[in-house]
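Colleague: First the structure, which I've put down as structure tokens, then a few questions once you've had a look.
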Amino acid sequence: MATINGGCLCGAVSYTVEGEPIFVGHCACQNCQRSTGASHSTVAAYPEPQVTIRGTTTSYQGVGDSGQPTTHEFCPTCGSRLFTRASVMPNVVMIAVGTMEPDAPLEPSMLIYGKRRRAWDHVPEGVAVFEGMPAPPQ
Ligand SMILES: [Zn+2]
Ligand SMILES: [Zn+2]
């Protein structure tokens, strides 16, 4: 069973995840672009019980491209975006893959909100592109 550690830029918030993610993917939605400053985020989604968070985050709740509330959680000191929760996926924590240890054995298989993808943000071969949010995993 994979155990992956990660944390924010300054080290005030860290986490450990156990086991397999539900999915690993890129998200090109407008909220991800604005909150990361990059052309897309890359997240791994885990059931809440597989995630242990140490430290305190601050959060911002907005309305996603889905039309449903999404909450981004940040380190209050350094601003790293660590976790995202979407009301369409209850009890699931999406973790920013860039905050995980570099050799975390995860590979994105899809890109969601492809309709927001910037023209120069090329999708690697083997990554499935969805225009919006695919049906939630069962
Ligand atoms: Zn920090
Ligand atoms: Zn997004």
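Where a number appears in this text, it was derived from the coordinates with a stated rule and is not lab data. Treat the numbers as computed from the prediction; the structure is a model and nothing was measured. Counting neighbours? That spans all protein chains shown, and the Cβs are built from the backbone with ideal geometry, glycine included.
Colleague: Averaging sequence separations of C-alpha pairs under 8 Å and six or more residues apart, then dividing by the length of the chain, give the relative contact order as a whole percent. List each step's numbers first, then the result.
Modeller: Working: 293 pairs, mean separation 36.5, N = 138.
Averaging sequence separation for qualifying contacts and normalising by length gives 26 percent for the chain.
Colleague: Select from 109, 46, 77 the residue farthest towards the positive end of the dipole of region 3-129; place +1 on Cβ of Lys and Arg, -1 on Cβ of Asp and Glu, and compute about the Cα centre.
Modeller: 77
Colleague: Could I ask something else about it? Just want the answer: with Cβ charges of +1 for Lys and Arg and -1 for Asp and Glu, which residue in 92, 37, 23 is farthest toward the dipole's positive end in the chain?
Modeller: With unit charges placed on the Cβ atoms, the residue in question is 37.
Colleague: Order by neighbour count: 94, 89, fewest other Cβ atoms within 10 Å first, most last. Intermediate results must be reported in sequence, preceding the final value.
Modeller: On the way: 94 27, 89 20.
Ranked by crowding around the Cβ, least crowded first: 89, 94.
Colleague: Compute the separation of the alpha-carbon centres of region 1-67 and region 87-130 and state it in Å as a whole number.
Modeller: Answer, in whole Å: 10.
Colleague: When the chain is modelled as a GNM with alpha-carbon springs shorter than 10 Å, which of 72, 122, 40 fluctuates the most?
Modeller: Judging by the Gaussian network model, the answer is 122.
Colleague: How big is the dipole moment of the chain about its Cα centre under a simple scheme where the beta carbon of each Lys and Arg is +1, that of each Asp and Glu is -1, and everything else is neutral? Debye, nearest 20, please. Spell out each step's value before the answer.
Modeller: Numbers: 8 positive and 11 negative charges, 105 e Å.
In total the dipole reaches around 500 debye.
Colleague: While we're on this one: Give the Rg/Rh ratio for region 59-107, taking Rg as the radius of gyration of the Cα atoms and Rh as the Kirkwood radius, to two decimals.
Modeller: Details: Rg = 12.1 Å, Rh = 11.9 Å.
Computed over Cα atoms, the ratio is 1.02.
Colleague: Same structure again: Considering all alpha-carbon pairs of the chain, what whole percent are spaced by more than 23 angstrom? Numbers along the way, then the final one.
Modeller: Details: 2710 of 9453 pairs.
In whole percent, the share of Cα-Cα pairs in the chain beyond 23 Å is 29.
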